[in-house]
1. Going by amide H atoms built from the backbone, whose H comes under 5 Å of the H on Arg266, apart from near neighbours?
2. Rounded to a whole number, what % of the accessible area of region 266-342 do carbon and sulfur atoms account for, probe 1.4 Å?
3. Estimate the FRET efficiency between Ser99 and Asn221 by the formula 1/(1 + (r/R0)^6), using the beta-carbon distance for r and 51 Å for R0, to the nearest 0.05.
4. Relative contact order (percent) for region 266-342, with alpha-carbon contacts under 8 angstrom and 6 or more residues of separation?
5. Go ahead and set up a Gaussian network model of the chain, Cα springs under 10 Å, then flag whichever of Asn322, Asn41, Asn189 fluctuates most.
6. In region 124-259, what percent of the accessible surface is made up of carbon and sulfur (1.4 Å probe, ligands and nucleic acids excluded)?
7. Using the alpha-carbon centroid of each, what span in Å lies between region 251-268 and region 81-102?
8. Assuming 0.36 nm per residue, please report the length gained on full extension of the stretch Phe304 to Arg62 beyond their Cα-Cα distance.
Amino acid sequence: MRTGSKIILFLIQICAGFILISSYSFSQDVRVGLFWKNTANAFVFHCTEGKYQVFGDSMYTRTLNAGDLLYVGQVGDHISLMDSELQHGEFSRVEFRNSDSHCGFRLKLVDSLTEARNYSGRLELSLFFGSLQIINTLPMDDYIAGVVEAEGGPSAETEFYRAQAILCRSYAIKNWEKHMGEGYNLCDNIHCQVFKGISDENPSIPEAVLSTHGLVLVTQNYSLVPAIFHSNSGGETQRASDVWNSSEDYLQAVLDPFSEGQRSSRWEKSISLESWKNYLSGYTKIESFPDEDLMIKQEHRKKFFVLGEDSLRITDIRAAFNLKSTFFTMELKPDTVLIHGKGYGHGVGMSQEGAMEMARQGYSYSDILRFYFYNVRIMDISDLPASELPEEF
Ligand SMILES: [Zn+2]
């Protein structure tokens, strides 16, 4: 290569690097309420990386270096801090401030079977209606990677993680003000999205989050599509209106061969014929029907089980008998109903196991999302109209 070409190539590389850096410069911190609805009133704060300055009622108390521990507990209407030897006082508000973006800490609840969890960013403690409130403020991408790992597991393909990251980011922004009354954005429970600390099991998860930085899933009207997914569709997803009181166009039923043959694609369960007939009797008269007519058959997913002039919602039957999905067929056995089921979860939106299989077969995150969500587009958050974003964002 001639010297002139080398210089041009070098300049292109610098420019590409600059564009890459500047596109990542958009950063948004998210405030997450930890151990939501868990009566956590004592835990150990373990500084694992960098330095943390500890403030009690806005006054500096001490600095923690990597390896240092502090015991934190609620005592009446105060928060008590102590290390192995010394009591550091009681406060109504405590902050652990990180010195830079590389700092990390671990939390272990006392008297709890919950495993210790690793976090990044800052930690604030206060008492909210008499209970200890724990708020973690961290970069959005650290949060998304943690959610992707908690919701998708540590051993999938990168394109699956990219699809899941876009869904979880879209959900987070759409629900940005869900816990504003409590002083944070989202909780770490299934009530919002499961977050068990930062992703630390598979480096391809943070990479997938970084490579889709800022991307969200929206409808043709630029409305954010929240993360709606389930474990396995059983070969066919379900329209949202068949499960919930919602009729979003983007949640249609799709035939999903990718979910077949996966870990959760089939299940079986037996219930007694007597309990099934007792259940049905609570809703309709069954005396005139032979037992065989009481068996639900589904070649394709149905919303209702129709018996004579009555119809029962299959979602209610699923809940009553604690079934893995609504997609099942019943077989009459002596005194028993054998249920042959397909899939796991509500069946609406993206099938995670189907999406993982698509990724293994070489489909991209865009192919995966467009397969499970109808008529959607993938956009950068900065290109969305302000009217579609939460006010506080
Ligand atoms: Zn929540």
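The values are calculated or read from the model by the stated rules, or taken from the named source; none is laboratory data. Everything quoted here is computed from the prediction, not taken from an experiment. Note that we place each Cβ from the backbone using ideal geometry, even for glycine, and neighbour counts take in every protein chain shown. Heads up: the accessible areas ignore ligands, DNA and RNA and are worked out on the full protein's heavy atoms, side chains in. Shrake-Rupley method; radii C 1.70, N 1.55, O 1.52, S 1.80 Å.
1. Amide H neighbours of Arg266, under 5 Å, 5+ apart: Gly343.
2. Solvent-exposed carbon and sulfur of region 266-342 make up 47 percent of the total.
3. On the way: r = 44 Å, r/R0 = 0.86.
Computed FRET efficiency for Ser99 and Asn221 comes out at 0.70.
4. Contact order relative to length: 43 percent.
5. Among Asn322, Asn41, Asn189, the largest mean-square fluctuation in the Gaussian network model of the chain belongs to Asn322.
6. Working: 2370 of 4820 Å².
Summing carbon and sulfur atoms, their accessible area is 49 percent of the total for region 124-259.
7. Their Cα centres are 49 Å away from one another.
8. 80.9 nm
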